[in-house]
Amino acid sequence: MDKDGYVWNWGFNVGRPTEESRKPMKVEGLDRIIEISIGWNFSMALREDGTIWAWGNNYSGQFGIGNNETPYEPVKAFINLN
């Protein structure tokens, strides 16, 4: 995360299921992020409005989006902290 609240990510499956990024790439669709949590092959970000955004491995359904599909782009998770 940079000082402006944008998220940067690198490694396998960063928004592109068939590519590996060896340098940081901006995660499109995320801004005003105040906190990030990283899990086993997935990431979650807390936006300043209280919404949580998640991407990556959702095999256990931990994103709460009604399925266990793997979104490679951020999706709004089931929790809102406001």
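General remarks:
- Considering (1) surrounded by 12 or more Cβ atoms within 10 Å (Cβ to Cβ); (2) assigned to a strand (DSSP E or B); (3) modelled with pLDDT of 85 or more, the lone condition that P24 does not fulfil carries the number (3).
- The set of residues in segment 1-20 being of a type outside the set (D, E, K, R), modelled with pLDDT of 70 or more and open to solvent by less than 100 Å² (accessible area, probe 1.4 Å) consists of G5, Y6, V7, N9, G11.
- Scanning segment 43-82 for residues that are part of a strand (DSSP E or B), aromatic (F, W, Y) and within 12 Å of the chain's Cα centre (by Cα) gives W53, W55.
The values are calculated or read from the model by the stated rules, or taken from the named source; none is laboratory data. Please read all numbers here as calculations on a predicted model, not as lab measurements. Every residue, glycine as well, gets a Cβ built from its backbone with ideal geometry; the counts of neighbours run over all protein chains shown. What goes into the accessible areas is simple: the full protein's heavy atoms, side chains included, and nothing from ligands, DNA or RNA. Shrake-Rupley method; radii C 1.70, N 1.55, O 1.52, S 1.80 Å.
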